[in-house]
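Peer 1: Got a structure for you, questions after.
Just so it is clear, none of the values below were taken in a lab; they were calculated from the coordinates. Every value quoted in this text rests on a predicted model; they were computed, and no experiment measured them. Don't worry about glycine lacking a Cβ; one is built from the backbone with ideal geometry, like all the others, and counts go over all protein chains shown.
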Amino acid sequence: ENGGFRIVPGVELPIKSTDKYVQYRRGKDRLDKISQEYYDSPLFGWLILQANPQTSSVEFDIPDNTYIRVPFPLTESLQDYKKGIELYKLYYGEQ
């Protein structure tokens, strides 16, 4: 934001029956590639991390062969995230 960085608030994304699951192979897979495969864009690795708080907050720390959830479809998942941010702001105030 304005040339700087902000920490993305942790928001719980609801599990949907349309979500996809993929086995993460450390050293072979990358979240940008998984994002490209499911969303046709490499820009949503952060959303996949948000959906998998039990794995790690950093891609490089995801254990090998862990099944990760890919929130799907993208538009609905982004709306879920936006709702979560709005609730976060209500609870914690604008930050």
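Peer 1: So what are the radius of gyration and Dmax for the Cα set of the chain, in Å?
Peer 2: Rg and Dmax of the chain, Cα atoms, are 13.7, 40 Å.
Peer 1: If you don't mind, another one. Separation between the residue 88 and residue 54 pseudo-spin-labels, each 7 Å from Cα along Cα→Cβ, expressed in nm?
Peer 2: 2.1
Peer 1: What percent do you get for the relative contact order of the chain when only Cα pairs under 8 Å and 6+ apart count? Let's see the in-between values first.
Peer 2: On the way: 110 pairs, mean separation 34.8, N = 95.
Relative contact order here is 37 percent.
Peer 1: Which number do you get for Rg(Cα) / (2.2 N^0.38 Å) in region 1-57? Intermediate results must be reported in sequence, preceding the final value.
Peer 2: Numbers: Rg = 12.6 Å, N = 57, 2.2 N^0.38 = 10.2 Å.
In units of the globular-protein estimate, region 1-57 measures up at 1.23.
Peer 1: Which values, in whole Å and largest first, are the semi-axes of the equivalent ellipsoid of region 45-86 obtained as the square root of 5 times each eigenvalue of the Cα gyration tensor?
Peer 2: Equivalent ellipsoid semi-axes, largest first: 21, 11, 7 Å.
Peer 1: Could you list the residues of region 64-84 with an amide nitrogen less than 19 Å from a label point located 7 Å from the Cα of residue 37 in the Cα-to-C-beta direction?
Peer 2: 64-75, by backbone N distance to the label point.
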